[in-house]
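*Asks:* Let me begin by handing over the structure; questions about it come next.
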Amino acid sequence: MTKASPQDQKRLLDLQGLDTKLDQLAHKRTALPQHKRIAELDAQLKDLDTAIAASRTAVGDIQREVSKAESDVQQVRDRAARDQTRLDSGQGSAKDLQALQSELVSLARRQGDLEEVELEAMERLEAHEGTLGELTTAHAALLNDRAAVVAERDAELAIIEKQAGEVTTQRDAMAAPLAEPLIQLYDRLRGRLGGVAVAALRHGRSEGSGLPVPATELAKIKATPEDEIVYCEDSGRILVRGEDAY
């Protein structure tokens, strides 16, 4: 049976208090609300990245449509200008000049049709460029929001790390005088019992289980030498007896 002086048992109880603080700080570190907010912002940014990529693709496609439409209109204009020049010169037979006039009428209609296609493509381009601009603006705003939340999180983490460092220093000083077998027992119990290996016995109640210790068990504990470690039957944790144990 592992033995420890009443002073070392009390020190073990204080050590448990410090380890509990460290566990609480570790939980606080992972449970900061900024973590959830950053994850939400990252999901929104991912969706926006997808939308922006699709929007840029659409803009590029329509820009090519506009360029082709402009080229088609220009080709018809150039052809009409050449025909008009030939017609104005009066050179050629009457049949040739009549053919030029007929072609100019056809080219005018063709130009009108192509200009409608060009205008429709330019309107779609303007709409998609507007959408892309809105998406880009929203993306930049989300990045700013994320940077602000990250700064808040980092500030909170810095405070937690400072507190954890201070508690760790106290914990190391508290554990230093304790015998290695006692520390090993304590660590085993902490690993098996959810991080809490030691509790106080106060006024006949085990703080390890939160329950009163049965009278027969309490009598047995009273009869146990002070340097022998006793356990809570309900929780399995070490019970530390102080002046107010009974």
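The values are calculated or read from the model by the stated rules, or taken from the named source; none is laboratory data. Source: prediction; values computed, not measured. When we count neighbours, we look across all protein chains shown, and the Cβ atoms used for this are built from the backbone with ideal geometry, even at glycine. For the accessible areas, the whole protein counts, side chains as well, though only heavy atoms, and no ligand, DNA or RNA atoms are used. Shrake-Rupley method; radii C 1.70, N 1.55, O 1.52, S 1.80 Å.
*Asks:* Could you check segment 221-246 and list, in sequence order, the residues that are more than 46 Å from the chain's Cα centre (by Cα) and over 17 Å from LYS3 (Cβ atoms)?
*Replies:* Residues satisfying the conditions are LYS222, GLY242, GLU243, ASP244, ALA245, TYR246.
*Asks:* Does LEU22 count as in contact (Cβ under 8 Å) with a residue 40 or more places away in the chain and touching a Leu at 6+ places or on another chain (Cβ under 6 Å)? Full working, then the answer.
*Replies:* Numbers: in contact (Cβ under 8 Å) with a residue 40 or more places away in the chain: yes; touching a Leu at 6+ places or on another chain (Cβ under 6 Å): no.
Answer is no for this residue.
*Asks:* I would also like to ask the following. What are the pairs with Cβ atoms under 7 angstrom where one residue, in segment 67-81, is farther than 20 Å from ARG124 by Cβ and the other, located anywhere, is in a helix (DSSP H, G or I) and open to solvent by 80 Å² or more (accessible area, probe 1.4 Å)? Sequence gap at least six, or different chains.
*Replies:* That search, which allows pairs on different chains as well, returns VAL76/ARG110.
*Asks:* Could I ask something else about it? Output the residues belonging to segment 190-213 that are part of a loop (DSSP other than H, G, I, E, B) and free of Cβ contacts under 8 Å to residues at least 12 places away in the same chain. Quick ask: steps written out before the conclusion?
*Replies:* Of segment 190-213, the ones part of a loop (DSSP other than H, G, I, E, B) are 193-197, 203-204, 207-210, 213.
GLY194, GLU207, GLY210, listed by residue number.
*Asks:* Quickly run through segment 203-227 and pick out the residues that are of a type outside the set (Gly, Ala, Ser) and open to solvent by less than 40 Å² (accessible area, probe 1.4 Å).
*Replies:* Residues of segment 203-227 that are of a type outside the set (Gly, Ala, Ser), as a first pass: 203, 205, 207, 211-214, 216-218, 220-222, 224-227.
Scanning segment 203-227 gives VAL213, GLU217, LEU218, ILE221, THR224.
*Asks:* Does any residue in segment 32-51 that is modelled with pLDDT of 95 or more come within less than 7 Å, Cβ to Cβ, of a residue that is open to solvent by 60 Å² or more (accessible area, probe 1.4 Å) and not in a helix (DSSP H, G or I) six or more places away or on a different chain, and which pairs are these?
*Replies:* Going by the 7 Å Cβ cut-off, there are no qualifying pairs.
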